[in-house]
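Everything below concerns the one structure shown next.
Values quoted throughout were computed directly from the atomic coordinates according to the rules given, and no laboratory measurement underlies them. Just so you know, these numbers come straight off a predicted model, no measurement behind them. Neighbour counts run over all protein chains shown; Cβ positions are idealised from the backbone, glycine included.
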Amino acid sequence: MPGYLDILAARFPGAFTTSVFRDNQRVVIPADKAPEVLLPLLRCLKEDCGFDMLAELGGIDYLNYPNATDRYCVVYGLTNLSTGQRVFVKAFTNDPEPELPSVVELWRGANWMEREVFDMYGVKFTGHPDLRRILLPHEFAAHPLRKDYPLRGYGERHNFATVTRAES
Amino acid sequence: MALTSLLPDFLVTKLDHVASLLRKHSLWPMPFATACCGIELMATASSRYDIARFGAEAMRFSPRQCDLMIVAGRVVMKMVPVMQRIWLQMPEPKWCISMGACASSGGVFDTYAVVQGIDRFIPVDVYVPGCPPRPEQLIRAILDLQDKIQRTGTIDAREFADRSSYEGPTSLAKELSPQETIVAPGDYRTATRLRVPLN
């Protein structure tokens, strides 16, 4: 078991579970703990365990996934640049208002990635300096990577006026 | 014998005919290239295929200077207002070629963001099939368009004035209620729909 997990277990007892999938060491924070624990845990990983780079940040919707208890998940892929170690922190959150603390204060590069997760999954990041849609137009109402969103959408793609030849 | 003795002293023709004859041999394309079809469009413009042979080599990147919009590639819903604006900025008379499967029908991109055919939003004169079309097909489209200009063109572009309705395929002009949600896999025939009432 890597040493940083001991540090985490001592600081945040009972707040997370760990698992290994292939080479990936994962730290899983359930939805009831995530709002309080996520930010201090990531700060501990960054400042005390040497995971100084946020390599990736993405969202997952576990709707109808077998044995899933919480719905939305945000994955933080951290890298220790001096040892090359990686750890994946998975923080869960649930409907009706999925919400997680923003990590922009730890890694400024998280800004656009959190905006993308907000855009596609509707997870609100509290404390984010500029939480707007990043890819879809601002009038778009839905969050299209949610599993209950139909592949072809609700008709947004055709909700435009037709320009006819006579008026152009 | 002098050549002039063989020719008549005067010709009778229609002004529309002459205008169309001149226009069709000097199309100025506006390359609206959003995807891989744009690469074929570039190939068509370059020396091997060379649409300069048909007078359409003057690609301009300002819609104010163009009279032929070539939409090459898929168009997403965020791009539709841009495309319409560019189309409206082009001076009359103007024509539009929908190049490739994506621009004409959405192609394989049947997702929430990709428009299922640009002919719902702007008028289209010639459709080019293919994914992407070969440069020869685009040249064929330009020849077809030249033919269309010659047949229908008028000097003051009055042939456009009475075209005030939706010009896309009629089978697609079907309005579904906003409550109707189509979940894939669905009926490919009705999966595309219009919420705005057609005029």
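Some points to look at:
- Sequence-separation-based contact order of region B:33-79, relative, with Cα cut under 8 Å and 6+ spacing, percent: 53 percent
- Region B:100-122 and region A:75-121 have Cα centres separated by 34 Å.
- Rounded Å value of the spacing that divides the Cα centres of region A:23-60 and region B:139-159: 63 Å
- For region A:82-139, the alpha-carbon radius of gyration amounts to 1.24 times the rule-of-thumb value 2.2 N^0.38 Å expected for a compact globular protein.
- Those lysines that a straight Cα-Cα span of less than 21 Å connects to B:Lys94, excepting residues fewer than 8 apart in one chain: B:Lys14, B:Lys24, B:Lys148
- Longest site-free stretch - chain A; sites: trypsin sites (Lys or Arg not before Pro), DSSP loop, at most 13 other Cβ within 10 Å: A:23-107
- The label-point distance for B:Ala52 and A:Thr69, in a model that sets each label 7 Å from Cα toward Cβ, rounds to 7.1 nm.
- Contact order relative to length of chain A, as percent, for alpha carbon pairs under 8 angstrom and 6 or more apart: 17 percent
- Extents of region B:15-172, largest first, come to 47, 40, 28 Å (Cα atoms, principal axes, whole angstrom).
- Note on region B:38-106: semi-axes of the ellipsoid equivalent to its C-alpha gyration tensor, largest first and rounded to whole Å, are 21, 17, 9.
- For peptide B:112-120, the mean count of partner chain Cβ atoms within 10 Å of a residue's Cβ comes to 4.
- DSSP beta bridge pairing in region A:56-168, given as percent antiparallel to the nearest 5: 80 percent
- Antiparallel DSSP beta bridges within the protein assembly as shown, percent to nearest 5: 50 percent
- On a per residue basis, the convex hull of the C-alpha atoms belonging to the protein assembly as shown measures out at 190 Å³.
- Region B:15-172: relative contact order in percent, alpha carbon pairs under 8 Å with at least 6 residues between: 26 percent
- Neighbour counts of other Cβ atoms within 10 Å put A:Asp95, B:Asp67 in the fewest-to-most order A:Asp95, B:Asp67.
- The 3J(HN,Hα) values that the Karplus relation (6.51, -1.76, 1.60; θ = phi - 60°) gives for region B:138-155 are, in residue order, 5, 5, 4, 5, 5, 5, 5, 5, 4, 4, 5, 4, 5, 6, 10, x, 10, 5 Hz. Gly and Pro appear as x.
- Average projection, convex hull of the Cα set of chain A: 12.6 square nanometres.
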